[in-house]
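What follows draws every value from the coordinates through simple rules; no lab data is involved. What you see is a predicted model; the values in this text were computed from it and never measured. Counting neighbours? That spans all protein chains shown, and the Cβs are built from the backbone with ideal geometry, glycine included.
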């Protein structure tokens, strides 16, 4: 059985093979250095030619060149690699091409801020609505804000509170005298007039009695239905600039009550 030298076409490594091994493997061998599989039939070299000593280097060659030649001659005869049948050769792993790395910085992720903006606006509107609701009775009678409240009530079907300004109501011809029909009773008569720029509900009337030293002796408050007569409907508004006559009976606070004062609420 003859012996041959074979050079690997991939890494140029040379190794010995036997002719019987080539026959069994149908000429296919595997390199023991890089594991490349190739057909060795056309690459056989006589082993006698390969084992001849290398030629002497030229006289001008340096020691480094000689050292490289020796190393090269030593590498040409590595340990023999056993050829294997083609069916036993492992399938080489697939080669994947990787994209070259890029130095560009990744684009920053944009955070969606519009949901938080919607929540903030909704919270602000809710706070405004709550404030307007709790201050409705006070703010809706303000002449500066009343037109806006009137427009809003036209949309949602609410009613505005009536304008009130008791301080703009004046009394005239106020008199308190003993009641002609009842003992220990007094009769109060007066004219009251609304001097505001708008009609307003009739006020509550408070009457206070005091002695000569100004010390209060009795205080009583009357509702509109207690001092209005049949000529004025209870629940109606007090007209602007039109005097309204009132008269009502009340218990006498005593002989010490010589001073009295009327106010409107």
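Table for the structure above
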| item | result |
| --- | --- |
| Extended-chain gain in nm, criterion 0.36 nm per residue less alpha-carbon gap, residue 237 and residue 182 | 16.6 nm |
| Descending principal axes extents, region 166-264, alpha-carbon based, whole Å | 40, 30, 19 |
| Cβ-derived FRET efficiency at R0 30 Å, residue 33 paired with residue 2, nearest 0.05 | 0.80 |
| Region 182-239 versus region 110-153: alpha-carbon centroid distance in Å | 40 |
| Region 166-264, relative contact order [Cα under 8 Å, separation at least 6], % | 36 |
| Length released on extending from residue 212 to residue 127, taking residue separation times 0.36 nm less the Cα-Cα span | 25.1 nm |
| Inter-label distance for residue 162 and residue 195, nm, one decimal - labels placed 7 Å from Cα along Cα-to-Cβ | 2.2 |
| Förster radius 25 Å - calculated FRET efficiency between residue 223 and residue 150 (Cβ-Cβ, nearest 0.05) | 0.30 |
| Volume of the Cα convex hull of region 157-205, divided per residue and given in Å³ | 112 |
